[in-house]
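To start, the structure itself, in structure tokens.
Laboratory data are not the source of any read-out in this text; all were calculated from the coordinates shown. As the structure is a computational prediction, the values presented were derived from the model and not from experiment. Every residue, glycine among them, receives a Cβ derived from its backbone with ideal geometry; neighbour counts consider all protein chains shown.
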Amino acid sequence: MYNLAQRANAIFAFAMTVQFGLLLSIAISSLYLTSNPIGKVDVRELNIWLYNYDNKETEFAFIEMNLDADLTSLFNWNTKQLFVAVIAEYETKSHDLNQVVLWDSIIQSKEDAHIKEVKVRNEKYDFVDITPKFGEVEAKYSIYWDLMPYVGFLVSGKTESNQTISFPAPDNN
């Protein structure tokens, strides 16, 4: 006859098997949920200033932009939070792809997933190139997001931007 410890072990093992099966089905099924996030970055102002950084004259970009994004479709029963960032992408002669984070936020509820920010400035992150000069190239500004689920796989995406802005010549300050 089975004693109490063996019966408890069998019940616990069965409960864990059911729980992991449920978690696996949640993780797989949430991959098939559709979403249609939309967003727009409207660059209002872009200035380049020269500063002495590490004993070199370096160009720093200062940007002012408006953000309008509706990310509510990304929230479902398995969404814990979203990490959202505005990223500038541009090419230079020395590097094929440059990406600089200008703004970011963590969104933890569906109610906060509609972002409407006016006159956002890149105060949190410096906008500099790996080389000392931007070289008046064109940059594209997009909203990137990372969906962090309760269970399952991290899902990433971005809202495409059609607006490209050329870096102006530096202002002498």
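Structural remarks
- Within segment 50-91, chymotrypsin sites (Phe, Trp or Tyr not before Pro) in DSSP loop having at most 15 other beta-carbon neighbours inside 10 Å: 77
- Under 5 Å between amide hydrogens, built in the peptide plane, is the criterion, and for residue 127 it picks out 61 among residues at least 5 positions away or on other chains.
- Once the GluC sites (Glu not before Pro) in DSSP loops with at most 16 neighbouring Cβ atoms within 10 Å are cut out of the chain, the longest remaining piece is 1-90.
- Around the Cα centre of the chain, unit charges on the Cβ atoms of Lys, Arg, Asp and Glu (plus for the first two, minus for the last two) sum to a dipole of about 980 debye.
- For segment 8-43 versus segment 116-171, the gap between their alpha-carbon centres in whole angstrom: 30
- Contact order, relative form, for the chain: 27 percent (alpha carbon pairs under 8 Å, 6 or more residues apart, mean separation divided by residue count).
- Along its first, second and third principal axes, ordered by size, segment 34-166 spans 51, 29, 25 Å in Cα coordinates.
- Under 29 Å of direct C-alpha separation, and excluding same-chain neighbours fewer than eight residues apart, residue 40 reaches these lysines: 80, 93, 110, 116, 119, 124, 133, 140, 158.
- Largest GNM mean-square fluctuation among 38, 130, 115, using the chain with Cα springs under 10 Å: 130.
- Based on C-alpha pairs under 8 angstrom that are at least 6 apart in sequence, segment 91-143 has a relative contact order of 47 percent.
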